[in-house]
Amino acid sequence: MAFNIAIDGPAGAGKSTIAKQVAKELSYIYVDTGAMYRAMALFFLREGIPPKDEAAISAACEQIQVTLSNENGDQQVFLNGENVNGLIRTEEVGNMASATSIYSKVREKLTQLQRNMACTTDLIMDGRDIGTCVLPHAQVKIYLTASVETRGKRRFLELQEKGIDCNLETICEDIKQRDEQDMNREISPLKQAEDAVLIDSSSMTVEEVVDEILQLARKRM
Ligand code: DC
C-alpha cells in the first residue's frame, strides 16, 4: 500500500512550499491539487463561462482533461495537453478556481484523478479536502494554517517576486473571501479532519514546519 501524506489548509498557509520540501526529503511525488482546480478554472475563464452558471460549468467538464507530470520535482499541469503552469497563478484564476470548485461535477472529476494517483504512489498531496474526503485513509494528515495577515504578506511577496503587480490590502481581502468560500461550501468544505494534526505556521519557519511533518511521517512509516 502506498504511503500518503495529506496537507490541507487555507490559501497562503504555505502548503506548497512545505509540501515540496517534505516530498524532496522523502523522495516522494508532490501533488498540488489546487493547480488542478486552477487549470479547470482557466478553461472556464477562456470560454467566458460565468462562475454562477453551474449547468454550463458542469457541461464544460466533459471537454476538459487535466493531467500532471513531474519534472525534476516540480509539478507541471496540462489542460487538454497544453502546459498551463505559467498561466494559473494569477488572483483571477485563483478566485475562479475557488468559485467553481463548489460544484459536484468539478470535484468528482478531480477527486477521482487524485485517488487514482494516491493508491499506487507514495506521495504528499495538498489542497482543501485531501484529509477529509480525497484520502480519508492517509497515514499522515496535517491541517496547516496561519493568520490572515501572515498569509497575505506571504502571498504579496510571492507575487512581487514573480513581477506581478499587487496590493497587500486587496490580497488580504481576497484571502478572507476565499476562506469564506472554501470553508462554507456545501461539498467537501475546507475543515480540519478529526485525525489531522494542526500546525499554525504564523510564527514558525519553513524548516520548523517541515521538520515537524517529517517526524510525524517517519513515526508512522
Ligand atoms: O491552493 P490554491 O489556492 O491553488 O487553490 C485554488 C482553489 O481551488 C481554492 O481556493 C479552492 C480550490 N481547491 C479545492 O476546492 N480543493 C482542493 N483540494 C484544492 C483547491
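Filter region 52-81 for residues that are within 16 Å of the ligand (Cβ to nearest atom), touching a helix residue (DSSP H, G or I) at 6+ places or on another chain (Cβ under 7 Å) and closer than 25 Å to Ala13 by Cα and give the result. Within region 52-81, Val66, Gln75, Gln76, Val77 meet the criteria. Is there a residue being open to solvent by less than 10 Å² (accessible area, probe 1.4 Å) and either in contact with a Pro (Cβ under 6 Å, 6 or more places away or on another chain) or in a helix (DSSP H, G or I) (or both) anywhere in region 88-96? Yes - at least one qualifying residue is present in region 88-96.
Among strands (runs of 3 or more DSSP E) entirely within region 115-221, having at least 3 residues that are surrounded by fewer than 19 Cβ atoms within 10 Å (Cβ to Cβ) singles out 197-200. Looking at the structure I just gave you, is Ala99 surrounded by fewer than 13 Cβ atoms within 10 Å (Cβ to Cβ), in a helix (DSSP H, G or I) and either in contact (Cβ under 8 Å) with a residue 12 or more places away in the chain or among the aliphatic types (A, V, I, L, M) (or both)? Judged against the criteria, Ala99 is not a match. Against the conditions (1) of a type in the set (Val, Ile, Thr); (2) surrounded by 17 or more Cβ atoms within 10 Å (Cβ to Cβ); (3) not in a helix (DSSP H, G or I), Thr67 satisfies every one except (2). Of all residues in region 117-151, those satisfying the criterion of being more than 14 Å from the ligand (Cβ to nearest atom) and charged (D, E, K, R) are Asp122, Glu149.
The values are calculated or read from the model by the stated rules, or taken from the named source; none is laboratory data. All of these numbers come straight from a predicted model, not from anything done at the bench. Cβ sites come from the backbone with ideal geometry, for glycine too, and all protein chains shown count toward neighbours. Calculation scope for accessible area: heavy atoms of the full protein, side chains included, ligands and nucleic acids excluded. Shrake-Rupley method; radii C 1.70, N 1.55, O 1.52, S 1.80 Å.
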